[in-house]
1. Which residues, taken from the stretch B:191-232, are touching a strand residue (DSSP E or B) at 6+ places or on another chain (Cβ under 6 Å) and touching a residue at least 60 places away in the same chain (Cβ under 8 Å)?
2. Considering only residues that are near DNA strand D (Cβ under 9 Å from one of its atoms), surrounded by 14 or more Cβ atoms within 10 Å (Cβ to Cβ) and more than 38 Å from the chain's Cα centre (by Cα), which ones fall in the stretch B:22-47?
3. List the number of the failed condition for residue B:311; all other conditions in (1) farther than 20 Å from residue B:212 by Cα; (2) within 13 Å of chain A (Cβ to nearest Cβ); (3) touching a residue at least 60 places away in the same chain (Cβ under 8 Å); (4) surrounded by 20 or more Cβ atoms within 10 Å (Cβ to Cβ) hold.
4. Restricted to the stretch B:130-178, and to residues that are within 14 Å of another protein chain (Cβ to nearest Cβ), in contact with a strand residue (DSSP E or B) (Cβ under 9 Å, 6 or more places away or on another chain) and in a loop (DSSP other than H, G, I, E, B), which residue is surrounded by the most Cβ atoms within 10 Å (Cβ to Cβ)?
5. Go over the candidates A:80, A:62 one by one and state the one that is within 9 Å of chain B (Cβ to nearest Cβ), at pLDDT 95 or above and over 20 Å from residue A:136 (Cβ atoms).
6. Suppose the filter is more than 13 Å from the chain's Cα centre (by Cα) and modelled with pLDDT of 95 or more; does residue A:117 pass it?
7. Contact list please: Cβ distance under 6 Å, first residue in the stretch B:1-28 and under 20 Å from residue A:130 (Cβ atoms) and modelled with pLDDT of 50 or more, second residue within 13 Å of DNA strand D (Cβ to nearest atom) and in a loop (DSSP other than H, G, I, E, B), pairs at least six apart or on different chains.
8. Report yes if some residue within the stretch A:31-53 is away from DNA strand C (no atom under 16 Å from the Cβ) and more than 12 Å from chain B (Cβ to nearest Cβ); otherwise report no.
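The values are calculated or read from the model by the stated rules, or taken from the named source; none is laboratory data. All of these numbers come straight from a predicted model, not from anything done at the bench. So basically every Cβ, Gly included, is an ideal-geometry build from the backbone, and we count neighbours across all protein chains shown.
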DNA sequence: ATTAGTTATGTTAGCGCTAACATGGTGCGA
DNA sequence: TCGCACCATGTTAGCGCTAACATAACTAAT
């Protein structure tokens with residue numbers, strides 16, 4: 001091994017961060033011993049260990065996991081792909097999976113697809129090139145290219161927030177179609193006759209819509225209206241204007257629901273609290289805490305985003321066992337409908 | 001190097017993922033040429049490039065950035081440390097920085113400190129061991145150990161959501177103390193005399209409290225009450241019970257504010273809309289979209305979380321220039337006070 | 001033709017670490 | 001006493017890639 005020569009041709013002769021072998025040299029041991037102190041301390045004699053630890057502290061050694069990953073073929077990282085993290089129910093899921101993954105020594109590499117199929121494929125490729133030991137994503141790959149990429153990676157893949165019919169590997173989610181059915185059934189049982197659905201047109205929202213629509217038609221009611229809103233404008237208060245004759249609304253998420261209720265309020269079509277039945281019933285999805293705090297409090301489909309994350313993480317950590325987990329949902333009835 | 005038998009099907013690659021040199025062999029070039037096709041395509045003759053690209057497609061080659069990072073000493077990743085991502089204003093900041101970083105080819109390694117100083121240090125060490133090219137964090141390291149770790153890493157470090165007096169490197173935030181001052185001044189100008197502050201006791205919240213308190217005392221008013229709430233229970237509706245005689249409240253974030261307003265509503269101490277002045281004025285912080293939608297709409301300090309993220313990312317990407325950026329805040333007055 | 005500059009590609013030597021195997025003590029029962 | 005398991009530590013050979021330096025094969029200019 002060459003003597004420790006200074007960096008050549010660099011602008012800054014700044015001292016490079018200490019390496020394993022620098023520590024080894026200072027402690028008077030071989031580098032593998034230092035490596036063992038870091039990873040398998042029990043295998044090293046207490047005296048030696050103490051000496052090495054002193055050397056590490058003295059040099060401010062920080063292990064280089066990039067090199068370690070290359071040598072051991074284990075990166076201890078998990079790729080996470082969500083449509084978006086801002087103002088979103090997916091933040092709970094990311095929190096949930098971090099809660100499990102970080103204590104287990106895994107890092108989370110986060111990527112956002114922004115509901116863009118092309119970008120999703122590119123982010124998937126970018127994630128995989130970092131050789132994560134698993135991929136957790138919201139939904140399923142939008143394109144066949146993306147799916148192939150994941151299959152070829154030969155690592156655990158967890159699809160969440162849905163129950164795809166033909167998953168790549170594991171699943172932790174709930175049935176969006178059934179959620180739509182449940183809301184329609186509830187509104188119809190209340191005697192509502194003019195139903196509408198508001199939300200984006202992404203895959204899971206669309207599945208909710210399909211369930212909602214099917215159940216409505218099955219009861220002999222007219223086809224519900226579907227209002228597709230811009231993602232950036234859940235100030236969908238104005239949505240109310242487009243749905244003047246409606247008496248029951250399912251919003252694809254609580255943010256839309258609360259925005260819509262603001263519109264109803266402005267139009268005087270909303271009562272405070274549960275004084276009497278709402279002229280227009282509104283049901284959201286996500287069970288945001290906010291929904292309980294507003295007036296009238298929001299009825300919603302509660303979906304356990306945090307559990308989805310925890311379960312997804314568990315599915316990447318533990319091989320074997322059930323790999324297709326339906327975490328269900330609950331219709332939580334409050335004052336809004 | 002054993003010669004594994006090559007796979008026959010195009011969709012199913014070998015047991016081991018294909019490497020650069022497997023592609024090189026198939027294309028009949030040296031591995032550095034394949035490397036160039038991936039990173040510097042302009043340097044390769046179009047014919048050769050086409051041949052290599054075909055080989056890559058045929059094998060389903062996905063570059064191994066772990067190996068690339070070790071060889072080039074560039075990981076193209078940035079470590080991001082936030083207290084928490086769920087239900088939080090920091091999600092906007094993470095979104096903002098991703099928006100800048102991902103197109104530039106950087107991955108985000110996300111870690112959460114959960115407002116725990118020890119855990120923060122551990123997450124910092126975990127992040128640094130992956131050799132990110134920069135660290136972006138909310139706030140400043142809580143311990144001297146953490147600060148030392150960051151200084152020794154010799155990479156750009158951006159502290160956000162605050163304006164620390166002695167930053168490690170760069171800053172993108174706003175003055176939390178002044179935010180507290182601004183709210184106190186506003187409430188006092190309204191003639192409010194019995195002020196209170198609700199929030200957690202984390203560093204930035206505390207800074208808001210100190211500004212709020214100082215300004216209140218400077219006006220000769222009695223010391224405001226400070227109610228420290230559990231982070232997990234922003235169902236601070238009940239907080240109202242602890243503050244019976246108060247007529248002006250600053251909540252450290254909008255979630256607390258909305259929760260508190262729910263308590264006021266229950267107690268009949270809140271008017272709908274701006275019909276007349278609120279018996280108890282409430283001002284939040286964060287400018288959640290929700291705040292505009294509820295009734296009465298929430299007055300708040302608006303803080304540009306997304307810009308903080310974008311600016312922080314810019315500070316890691318561009319060296320030189322101003323590295324201490326105050327993004328300010330705005331007092332947005334609505335119906336709640 | 002000689003020299004030098006260009007372009008396209010190749011060769012060599014690691015990056016910092018770990019898996020796998022090797023070594024040399026030590027204790028202990030037969 | 002030998003034989004052998006058992007520790008603690010060391011040696012060797014890469015992991016898959018890229019920086020830096022060759023090397024050809026041309027072209028253009030002298």
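1. B:192, B:198
2. Of everything in the stretch B:22-47, those that are near DNA strand D (Cβ under 9 Å from one of its atoms), surrounded by 14 or more Cβ atoms within 10 Å (Cβ to Cβ) and more than 38 Å from the chain's Cα centre (by Cα) turn out to be B:22, B:23, B:24, B:31.
3. Here residue B:311 meets the rest and fails (2).
4. Only one residue tops the list, namely B:130.
5. Within the list A:80, A:62, the selection yields A:62.
6. Yes, satisfied.
7. Short answer, once both residue conditions are applied: B:18/B:61; B:23/B:61.
8. Yes, there is a match, as at least one residue in the stretch A:31-53 is away from DNA strand C (no atom under 16 Å from the Cβ) and more than 12 Å from chain B (Cβ to nearest Cβ).
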